[in-house]
Amino acid sequence: MTLDLLIDSDALIALRRLSLWTEILRSSASVACCGYAARHELNSIWSSELEPLVKAKRVAIHEVVTRTPANDTRKTFIAAGVDKGEAEALAWLVHQPECPVFVSVDRRALTEARDKGLICADLGELAALLIARGL
């Protein structure tokens, strides 16, 4: 069974620093980020690291499109104090029939995710999940 992950920008940066990002990419895990986080918050590594992974279809980028219910949900999360990148990720997740694990280090975003019944993990919980799955 494949582990599906939607990783927030701050979590991705932390995973890189801990050398876990490479291990996740080597695993069978399906990895994604949302567009705002990838292109704005991770701009410093977009062309050198993320864009080649997207082109190789190893990392997917998900977008919340304007004038959609997901965009309305994104605005609601932002009004509740969630940062733009996390708000896009949560809004995208809320509107998916099968939800990947949302990985974040942002306590506010994790609380909102749990309140919405989404599957989420901070870095410690992700490490435990990866170990349990033998990844």
**OP:** For the range 36-71, enumerate the residues that are modelled with pLDDT of 90 or more and either under 11 Å from the mean Cα position of the chain (by Cα) or on the phi > 0 side of the Ramachandran plot (or both).
**Re:** LYS57, VAL59, ALA60, ILE61, HIS62, ARG67
**OP:** Please enumerate the residues belonging to the range 106-121 that are surrounded by fewer than 18 Cβ atoms within 10 Å (Cβ to Cβ) and farther than 14 Å from ALA80 by Cβ.
**Re:** GLY117, ILE119
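To keep it simple, each residue is scored yes or no on (1) part of a helix (DSSP H, G or I); (2) over 21 Å from LEU3 (Cα atoms).
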{"residue": "ASP72", "(1), (2)": "yes, yes"}
{"residue": "LYS75", "(1), (2)": "yes, yes"}
{"residue": "ILE78", "(1), (2)": "yes, yes"}
{"residue": "GLY85", "(1), (2)": "yes, yes"}
{"residue": "CYS99", "(1), (2)": "no, no"}
{"residue": "ARG108", "(1), (2)": "yes, yes"}
{"residue": "LEU118", "(1), (2)": "no, no"}
{"residue": "LEU126", "(1), (2)": "yes, no"}
Original post:
Just to be sure, is ALA11 touching a Phe, Trp or Tyr at 6+ places or on another chain (Cβ under 7 Å) and either surrounded by 15 or more Cβ atoms within 10 Å (Cβ to Cβ) or closer than 22 Å to ALA127 by Cβ (or both)?
Top reply: no
**OP:** Please state which of the following conditions ALA37 fails to meet, knowing it meets all the rest: (1) within 14 Å of TRP92 (Cα to Cα); (2) among the hydrophobic types (A, V, I, L, M, F, W, C); (3) free of Cβ contacts under 8 Å to residues at least 40 places away in the same chain; (4) in a helix (DSSP H, G or I).
**Re:** (3)
Subject >> Where GLU51 falls short, out of the listed (1) surrounded by 15 or more Cβ atoms within 10 Å (Cβ to Cβ); (2) under 18 Å from ALA11 (Cβ atoms); (3) of a type in the set (Asp, Glu) >> reply: (2)
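The values are calculated or read from the model by the stated rules, or taken from the named source; none is laboratory data. Because the structure is predicted, anything quoted here is derived from the model rather than measured. Ideal geometry is used to build each Cβ from the backbone, glycine not excepted, and the neighbour counts take in all protein chains shown.
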